[in-house]
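Since the structure comes first, as structure tokens, the remarks are kept for the end.
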Amino acid sequence: MSKEILMVVDAVSNEKGVEKDIIFEAIEAALASATARRHAEDIAVRVAIDREDGSYETFRRWLVFADDSTELEIPDHELRMIDAVDVDENAEPGGYVEVPMDSVEFGRIAAQTAKQVIVQKV
């Protein structure tokens with residue numbers, strides 16, 4: 001799986017003349033999108049690909065707000081500070097807290113989504 005990601009990055013970079021970092025970011029966005037779509041609720045997801053070996057990790061993330069903030073605009077994407085410190089004791093308002101979650105396979109669907117995202121970014 002990880003070698004497939006590296007092969008896609010190399011192929012697209014050589015074929016389109018696009019920097020590898022842009023392709024990695026597009027694949028990360030595609031995998032995050034595919035992961036978010038698999039959940040019933042609307043969640044914020046971040047995927048981080050290791051540029052050396054192609055392995056990747058997936059995280060659910062929330063934007064942290066001060067406890068005195070008014071009502072949260074997108075509750076599935078945001079946490080108040082009092083709740084955020086339960087996830088990460090170093091949480092700060094304006095920052096993000098993340099928890100690891102299961103990654104989606106970089107299969108046919110993820111590859112198609114990645115291709116669409118890359119085309120949009122290029």
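Quick check on VAL45: is it hydrophobic (A, V, I, L, M, F, W, C) and either surrounded by 17 or more Cβ atoms within 10 Å (Cβ to Cβ) or in a helix (DSSP H, G or I) (or both)? Yes, satisfied.
The set of residues from region 91-122 being under 15 Å from the mean Cα position of the chain (by Cα), in a loop (DSSP other than H, G, I, E, B) and at pLDDT 70 or above comprises ASP102, SER103, VAL104, GLU105.
Could you list all residues from region 9-23 that are surrounded by 14 or more Cβ atoms within 10 Å (Cβ to Cβ), part of a helix (DSSP H, G or I), over 18 Å from the mean Cα position of the chain (by Cα) and of a type outside the set (Gly, Ala, Ser)? Can you show your working first?
Let us first name the residues in region 9-23 that are surrounded by 14 or more Cβ atoms within 10 Å (Cβ to Cβ), namely 9, 12-13, 18, 20, 22-23.
Still in the running and part of a helix (DSSP H, G or I): 9, 12-13, 20, 22-23.
The next check asks that each one be over 18 Å from the mean Cα position of the chain (by Cα); those that pass are 12-13.
Answer for region 9-23, where residues must be surrounded by 14 or more Cβ atoms within 10 Å (Cβ to Cβ), part of a helix (DSSP H, G or I), over 18 Å from the mean Cα position of the chain (by Cα) and of a type outside the set (Gly, Ala, Ser): just VAL12.
Here ARG80 clears all of (1) in contact with a Leu (Cβ under 9 Å, 6 or more places away or on another chain); (2) farther than 17 Å from GLU25 by Cβ; (3) at pLDDT 95 or above except the condition numbered (3).
Kindly evaluate ASP86 against the criterion of being in a helix (DSSP H, G or I), modelled with pLDDT of 85 or more, more than 21 Å from GLU4 (Cα to Cα) and not β-branched (Val, Ile, Thr). Working first, answer last.
Numbers: in a helix (DSSP H, G or I): yes; modelled with pLDDT of 85 or more: yes; more than 21 Å from GLU4 (Cα to Cα): yes; not β-branched (Val, Ile, Thr): yes.
Judged against the criteria, ASP86 is a match.
Please specify each residue of region 48-83 satisfying the condition of being under 23 Å from SER33 (Cα atoms) and not in a strand (DSSP E or B). Selection gives ASP50, ARG51, GLU52, ASP53, GLY54, SER55, LEU72, GLU73, ILE74, PRO75, ASP76, HIS77.
The values are calculated or read from the model by the stated rules, or taken from the named source; none is laboratory data. A quick note: this is a predicted structure, and the numbers were derived from the prediction, not measured. Positions of Cβ are generated from backbone atoms using ideal geometry, with glycine treated the same way; all protein chains shown enter the neighbour counts.
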